[in-house]
Structures are given as structure tokens and as C-alpha cells.
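One structure is given below, encoded as C-alpha cells.
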Amino acid sequence: MFSTPLPAELRPLLERLLVQAQADLSGSDLETFSLRLERYLPDLHAGLALVYPDVEGLLEGLLPILTAAHRARGADLKRLDAHRLLAPDWFQRPEMIAYVAYTERFAGTLKGIEERLDYLEELGVRYLHLMPFLKPRPAPHDGGYAVMDYRAVREDLGTMDDLEALTAKLRARGIALCCDLVLNHVAQEHEWAVRARAGEAKYQHYFHMFSDRTLPDEYEKTLPEVFPDFAPGNFTFDEASGKWVWTTFNRWQWDLNWANPEVFLEFADLILWLANRGVEVFRLDAIAFIWKRLGTNCQNQPEVHAITQALRAVARVVAPAVLFKAEAIVAPDDLIHYLGQGEHFGLVSDTAYHNSLMVQIWSSLASRDVRLMSEALRRFPVKPTNTAWNTYLRCHDDIGWAIADDDAARVGLSGEAHRRFLSDYYSGRFPTSPSRGLVFQENPRTGDRRISGSGASLAGLEQALEQGNPRQIHLSLERLLLGHAVVLGFGGIPLLYMGDELALLNDYSYLEESEHAEDNRWVHRPHMDWDKAARAKADPASPEGRMYHGLLHLIRVRRATPHLHAALEAQILEPRNPHVFGYVRRHPLGNLVALYNFSEEVQYYPAEVLWQQGLSLPHDRISGQLVPIEHHLVRLEPYARLWITDEV
């Protein structure tokens with residue numbers, strides 16, 4: 001939709017490439033490849049030209065990778081490509097629900113996942129993100145993000161054959177598999193790093209290696225620290241090579257040099273190889289960090305988006321069923337570029353995390369005030385219509401309080417004070433707080449205190465169960481269902497984090513594992529409780545049953561609500577009541593107005609807002625009832641969530 005026709009000056013290049021392609025492809029394979037290469041060559045060439053001087057030479061080196069992968073792609077995957085090309089909005093539709101889990105904690109192994117597919121299908125899952133399963137270095141390995149071999153699976157999880165068997169079974173059920181692809185770094189045990197340490201010049205150019213501290217010291221002047229507690233600084237001295245190596249995250253995670261076109265070719269080959277194993281979605285991990293520029297924080301540089309555009313075009317030529325998801329937890333004005341702005345509009349990642357929505361949900365649950373949330377989300381940049389946000393309430397990571405000072409000031413708050421309040425509230429230090437979160441990576445210099453904890457423990461369920469307080473148990477579950485309703489109803493791809501559908505609590509057993517004890521994020525990475533899952537289905541009145549059935553109902557309503565198609569944007573309503581968050585989604589079938597009460601008290605909202613949106617007979621799709629209106633005011637029960645359309 002957003003690509004340009006093949007410019008005349010690229011025609012000779014295309015013809016040369018197609019002549020070369022005839023050595024590897026023939027018949028319908030050659031015809032399909034030729035059509036796609038012509039379609040995506042402008043995007044590919046434009047992306048490469050912004051980064052690499054010898055574009056034509058790079059394309060000639062890329063061509064054998066493309067043709068070999070196209071020839072090797074299985075018939076089943078080629079049918080999927082054809083289907084997705086005919087339905088390019090497949091990932092934007094309301095029936096798209098994602099589930100995020102650690103393989104070993106959900107089902108033990110990849111084969112174990114196969115045995116749990118009925119559970120996922122019953123929940124409505126159409127997209128399964130298995131946390132890092134490619135072969136990492138021996139522990140510690142940053143939860144699997146220090147990859148030693150991109151072409152092998154962790155031995156304890158299975159084999160690459162097991163992965164292919166699993167993706168085939170998922171595909172048969174209409175479930176796409178998402179794989180973490182770490183772009184910024186590899187483990188120091190990766191073959192490239194091993195050969196660099198041994199002195200091979202070719203592989204030393206795959207990394208940022210320095211003979212002395214002169215340049216590293218210059219870079220450090222503007223670089224932040226990602227893990228100041230256990231990985232201070234951004235460079236590590238490697239005794240084997242006698243050089244300083246760029247290591248943003250940990251000393252054993254070596255940053256790659258994407259200015260080297262050989263690195264681009266390696267990853268183009270890896271993406272296509274994994275796509276041919278059945279991976280349908282690539283989570284581009286640490287993508288914000290891949291380009292280094294002196295005098296900057298080395299994040300969100302323009303070359304990042306040019307490289308992503310080129311990699312996306314590579315995937316489109318061979319495996320158009322594939323999606324890219326940007327793992328960029330950055331400020332909104334930077335984030336929108338990962339979905340494409342300006343010359344990259346709609347040409348980079350297909351989806352990106354809406355971290356701000358998650359942060360604002362927890363912020364409003366703590367304050368019972370939605371004015372900051374409304375202000376921050378109203379000012380969010382508009383995304384390309386061929387992309388989708390990944391919306392979520394919790395994930396495997398900590399929560400960083402990304403509250404912009406300007407947004408806070410516009411609603412009369414101090415950003416610094418509000419961030420301090422949120423850290424206090426969710427760590428249970430604030431008076432009356434029911435939360436049981438843990439402070440992660442406290443930075444005394446900046447005052448930054450991130451929070452670990454499961455959604456249920458942050459919402460107060462852990463404390464309420466300990467106290468045996470029925471009212472607080474009820475309110476904590478209502479908070480969780482409210483948060484999930486926002487995530488499911490905002491538009492995008494909702495990500496359900498494993499165990500949240502059962503309201504699993506913090507798991508403190510991580511303290512007994514030497515590998516995890518120093519990283520309290522493992523408190524919200526529990527093992528799946530299958531006994532609790534069975535109880536949830538059998539006993540809808542239990543806490544886990546109320547959570548499971550409440551969430552399942554929201555998912556079923558979402559699937560039947562076309563207004564939630566991700567191509568559309570949620571337009572934030574003025575908060576006519578400081579406790580009620582609202583937005584409108586405009587659709588050819590009529591408008592949908594969503595209202596959420598972020599307090600434990602009954603609230604009222606002007607009904608005229610509904611009438612102004614053309615809702616003459618407002619009907620709540622979640623309850624299946626007419627919206628309760630008293631004296632021209634909508635009545636919202638504590639933690640009410642309403643998706644309102646005209647009754648049909």
C-alpha cells in the first residue's frame with residue numbers, strides 16, 4: 001500500500017538480478033520471485049542506500065540468499081504466503097489474541113506445548129509468543145537473550161525438528177508462532193565472537209572492538225546504563241583478543257556492528273531460514289540499540305529504521321506471511337518511527353509495543369484519576385493504518401514508569417513526584433497500598449525505581465487472599481478485568497501474559513535458584529499452575545475461575561466487535577469525570593464508545609457524549625444490556641468497563 005512503483009533507474013538492476021536468479025529458480029517459483037522482487041526492490045534499495053555505500057554489490061550478495069530460501073520454502077508455507085497476501089489485515093482483526101509464555105514454564109518442552117494447544121485454542125489464542133527458545137550461552141544468559149546459536153533450539157526444550165513439528169501443528173489451528181530475534185548482540189560464545197576473540201579480522205568487524213579506551217570513553221559521555229546494578233558501563237575488556245568490546249547489556253553480550261554489510265546479510269539469511277522452519281512473527285529484540293553514533297545515546301538512530309525497512313523487504317520477497325514486531329520501549333515520539341514515519345511510513349515493523357498504554361493503566365489504577373492517562377494518550381502520534389499496536393497489561397519484564405514531565409505538568413502534576421508515588425504504591429510502601437511489587441534496578445542518581453510483580457499481586461489479590469478479605473478479593477479481580485478490558489478494547493493485538501488469565505500471584509521461589517536470585521523479574525515469571533487452570537474451569541466462583549471466565553467473556557465479545565479492528569485508532573475523549581477513561585472508535589458500522597471507571601466507587605458520566613457520537617440507543621456489548629442512564633448520566637459501577645454501540 002505504501003510502496004512506490006519501480007523507478008526507471010532501478011529497472012536495469014532488477015533485470016540483472018533476475019537473470020542471475022534464473023540459475024537457481026525456474027517455472028512458477030521464478031515467476032513468483034520475480035513479481036515480488038519487482039514489488040519490493042524499491043523498499044529494499046531505499047533502505048540499504050541510507051546505510052551502506054555499495055548497495056548494488058550488497059544486493060548481488062543478497063540474491064543467492066533470497067533465491068535459496070525461496071526454493072527451500074515448503075508448499076504449506078507458500079500457501080500461507082498466498083493467503084496472507086490476499087488478507088493483509090489478518091493480524092489486525094478483532095479475533096487476533098496473542099499469548100506470551102516461557103516454553104519450559106508453560107509446558108516443559110516444545111513437544112509439551114503441542115499437548116496444551118487445546119487450552120490455547122479454548123482461550124481464543126491466534127498468536128503464540130514463546131519466550132527465547134534459541135540456544136543461549138550457559139547461564140547466566142539474560143533469560144535467553146544471549147544467543148549462542150540462532151540455528152539451534154535450547155537442548156532442554158527440544159530440537160529444531162521439534163520446532164518445525166510444533167509450527168506445523170500451530171499453523172493447522174490458525175496460530176502464528178512468534179520468535180525472539182536478538183538483533184543488537186550475541187553471546188560471547190557465539191561462533192562469530194569466538195572467531196573474533198581468536199583474532200580473525202573478518203569477525204572482529206562484526207563487533208565494535210577497540211584497542212584502547214579512547215573512543216569508548218568518548219561514547220560513555222552520552223550513554224545511559226541499562227542495568228546499573230549488575231552491568232555498569234557499556235564496554236568490557238576482552239583478555240583473549242586484548243580489545244575493549246561494546247557490551248550494552250552484559251559483559252557476555254557483544255554488540256554487533258550493523259555498519260558492516262556482512263552483518264546485514266547474516267541476519268537476512270537467519271530470518272529467512274527461521275521463517276522456513278515455520279516462524280511467522282519475529283520480535284526484533286533490542287532493535288533501538290543497533291546503530292551507534294558518537295555524541296548520542298546510541299538509541300533510535302535513523303539507520304535503525306532504514307535497516308528494518310530493508311529486512312522487512314527481504315522477508316516480503318521470500319516469506320510475505322512473516323510479521324515484524326519492534327521491541328522498542330522508548331518515548332512515543334521515538335516509538336512511532338518503528339511503525340514508520342516520513343519516507344519509512346508503513347514500511348518497517350508491522351507491530352510495536354504500546355508501553356505507554358500499559359504504564360498509564362497502572363498509573364490510573366493507583367491514582368484513581370484518568371486525567372494524566374487521557375492527556376498522554378491523546379497526544380500519542382497516529383500510526384500507519386497497515387500496522388498494529390501490541391497492547392498488554394503485564395509482560396515478562398519490569399515496569400518502568402515512563403511518565404513524561406510535560407504530560408504530567410499539563411494536568412497539574414510533577415512528573416518526578418508521580419513516578420515516585422507509583423514506585424512507592426506498587427512496592428507497597430505507600431500507605432493503604434494493597435500491592436506486592438518489588439523494586440527493580442533502583443538508580444540513586446536519577447531516582448528511577450522500576451517495579452517487578454505479577455498483575456494479580458500488583459492489583460492487590462495476594463494481600464487480599466492472605467487477609468481472607470472477600471471485598472478486597474473482589475476489587476482486586478475487578479481491577480484486573482478492567483485493565484484487560486482496556487487492553488482488549490483499545491485496538492491492536494492484545495498480548496496475554498501466561499498465568500494472567502488465572503490471576504497467578506508472585507512466585508518467590510526464584511530466590512531459591514542461583515541463576516535467578518539476583519534478578520527479581522523472575523517473581524512474575526512463574527511456572528504454569530495446571531491444577532489452578534483445571535479449577536478455574538470447574539469452579540467459576542473461585543478467584544482463578546472468576547478471572548478466567550471474565551477474561552474469556554471479554555475475548556469472545558471482542559471477536560464479535562468489528563469496531564476493534566487495529567487499522568482504526570482510538571480517539572481519546574475529554575475526561576468529563578476524572579475517574580472515567582473514555583475513547584471513541586469510528587467504524588463504518590457506527591461508532592463505539594468505551595468507558596472505564598478506574599475507581600472502587602460508583603461514578604457518573606454525561607450521556608450526551610454518547611448521543612454526540614450517534615448512539616441514540618446505547619447498548620453495552622460486554623454486558624449485553626442497554627447502558628444504564630439516570631438523569632442524563634451514565635451510571636458506572638466500581639471498575640465498570642463498557643463497550644458501547646447502538647443496539648441492533
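Quick notes on this structure:
- Charge sum, other residues only, whose C-beta stays under 14 Å from Leu41's C-beta, Lys/Arg counted +1 and Asp/Glu -1: 0
- Label point distance in nm, Leu617-His631, each placed 7 Å from Cα along Cα→Cβ: 2.8
- Rounded tilt (10° steps) of 75-86 against the dominant C-alpha axis of the chain: 60
- Looking at the chain, the DSSP beta bridges with both ends there are about 60 percent antiparallel.
- Per residue, the chain exposes 37 Å² of accessible surface when a 1.4 Å probe is rolled over the protein heavy atoms with every protein chain present.
- Loop-resident chymotrypsin sites (Phe, Trp or Tyr not before Pro) (DSSP state other than H, G, I, E or B) in the stretch 204-305 with no more than 13 further Cβ atoms inside 10 Å of their Cβ: Phe230.
- With every protein chain in place, the stretch 140-274: carbon and sulfur % of accessible area (1.4 Å): 50
- Prolate/oblate/rounded call for the stretch 422-494, Cα gyration tensor, a/c under 1.5 rounded: oblate
- Ranking Met96, Leu85, Ile65 by how far each Cα lies toward the positive end of the dipole of the stretch 65-111 (charges on Cβ) leaves Ile65 at the top.
- Under Stokes-Einstein, with the Kirkwood radius over Cα pairs as Rh, the value for the stretch 340-379 at 25 °C and 0.890 mPa s is 209 µm²/s.
- Using a probe radius of 1.4 angstrom, the carbon and sulfur fraction of the accessible surface of the stretch 526-648 is 54%.
- Nonpolar atom fraction for the stretch 329-461, defined as the carbon and sulfur part of the 1.4 Å probe accessible area, stands at 48 percent.
- Filter on Lys78/Lys135; Lys111/Lys383; Lys78/Lys111; Lys135/Lys325; Lys78/Lys383 - keep pairs with C-alpha separation over 31 Å: Lys111/Lys383
- Taking a sphere under 15 Å around the Cβ of Arg585 and counting the other residues whose Cβ falls inside, with K and R at +1 and D and E at -1, yields a net charge of +4.
- Protection-proxy order for peptides 506-516, 559-569, each taking the mean of Cβ atoms within 10 Å per residue, highest first: 559-569, 506-516
- Shape of the stretch 597-648, Cα gyration tensor, a/c cut at 1.5: oblate
- Given [x] 18, 53, 27, 2; [y] 15, 40, 30, 12, 2, 0; [z] 17, 50, 28, 5, 0, the label whose value is P(r) over Cα pairs in 20 Å bins from 0, in percent derived from this model: [x]
- Computed about the Cα centre, the dipole magnitude for the chain is approximately 1280 debye when only Lys and Arg (+1) and Asp and Glu (-1) carry charge, each at its Cβ.
- Residue order by solvent-accessible surface for Cys395, Cys178 is Cys395, Cys178, largest first, with ligands and nucleic acids left out and a 1.4 Å probe.
- Degrees, to the nearest 10: 302-318 long Cα axis against longest axis of the chain: 80
- For the chain, relative contact order (Cα pairs under 8 Å, six or more residues apart, normalised by length) works out to 12 percent.
- Using alpha-carbon coordinates, inclination of helix 11-21 to the longest axis of the chain, degrees: 80
- Cross-link reach is defined here as a Cα-Cα straight distance under 16 Å, omitting same-chain residues fewer than 8 places apart; for Lys169 the aspartates and glutamates meeting it are Asp76, Glu114, Glu115, Asp118, Glu121, Glu122, Asp161, Glu280.
- Per DSSP, loop GluC sites (Glu not before Pro) in the stretch 100-158 with at most 11 further Cβ within 10 Å: Glu115, Glu155
- Total charge dipole magnitude, the stretch 327-428, about the Cα centre, Cβ charges on Lys, Arg, Asp, Glu only, Debye to nearest 20: 400
The values are calculated or read from the model by the stated rules, or taken from the named source; none is laboratory data. All of these numbers come straight from a predicted model, not from anything done at the bench. Positions of Cβ are backbone-derived with ideal geometry, glycine not excepted, and every protein chain shown enters the neighbour counts. Only protein heavy atoms, including side chains, enter the accessible area calculation; ligands, DNA and RNA are left aside. Shrake-Rupley method; radii C 1.70, N 1.55, O 1.52, S 1.80 Å.
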